[in-house]
Amino acid sequence: MAEGLAPDSTSPARPPVVMLVAPDRELADLVRDALLPEGFEVVWARSPDAAGQQLAEHLPDLLLLDVEHGSLADTTAMLARMGAATLPLVLLVGPRLPTVSGNARLAGWLAKPFSVAELVATVRRVTGARSTD
């Protein structure tokens with residue numbers, strides 16, 4: 001991970017930060033509405049370029065990446081150039097899962113349409129966050 005991008009996991013007040021990279025506002029609203037009540041901070045970037053501009057400020061613990069609207073190879077290469085090459089990655093995919101072999105950052109994927117429960121469980125598993133109940 002690039003210097004200065006490591007999340008400060010020692011701070012007890014810092015909620016886990018999830019960055020969603022997706023062009024769709026409806027998907028962004030769904031993710032935000034599902035994760036905020038569970039104690040996560042959600043940052044939305046419409047594109048990898050926008051994500052790159054927000055990475056240093058928000059220090060995400062996890063990237064949720066909508067790959068239905070783009071190339072996984074192009075997007076992961078962009079994320080690597082931004083200094084996010086070691087952040088865990090969860091793909092939000094359409095009916096066909098893209099080729100992901102050899103991607104060590106891949107922590108999982110959710111096939112659309114996915115349920116709120118599936119989203120929350122996946123984000124908890126990857127970030128190690130506990131339930132707010």
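Here's the yes/no breakdown for (1) in a strand (DSSP E or B); (2) under 14 Å from the mean Cα position of the chain (by Cα); (3) surrounded by 13 or more Cβ atoms within 10 Å (Cβ to Cβ); (4) at pLDDT below 95:
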residue: Asp8; (1), (2), (3), (4): no, no, no, yes
residue: Ser11; (1), (2), (3), (4): no, no, no, yes
residue: Pro15; (1), (2), (3), (4): no, no, yes, yes
residue: Val18; (1), (2), (3), (4): yes, yes, yes, no
residue: Pro23; (1), (2), (3), (4): no, yes, yes, yes
residue: Val31; (1), (2), (3), (4): no, yes, yes, no
residue: Leu35; (1), (2), (3), (4): no, yes, yes, no
residue: Val43; (1), (2), (3), (4): yes, yes, yes, no
residue: Gly52; (1), (2), (3), (4): no, yes, yes, yes
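For first residues located in region 108-129 and among the aromatic types (Phe, Trp, Tyr), partners that are surrounded by 14 or more Cβ atoms within 10 Å (Cβ to Cβ) and lie 6+ apart or on another chain with Cβ distances below 8 Å form the pairs Trp109/Val90; Trp109/Leu91; Trp109/Leu92; Trp109/Val93; Trp109/Val100; Phe114/Leu92. Here Ala129, Ala121, Ala117 are screened, and the one residue that is at pLDDT 70 or above, buried (at least 16 other Cβ atoms within 10 Å of the Cβ) and either in contact with a Leu (Cβ under 7 Å, 6 or more places away or on another chain) or closer than 21 Å to Pro37 by Cα (or both) is Ala129.
The values are calculated or read from the model by the stated rules, or taken from the named source; none is laboratory data. This is a predicted model, so every value here is computed, not measured. Here the Cβ is made from the backbone with ideal geometry for all residues, glycine too, and neighbour counts use every protein chain on show.
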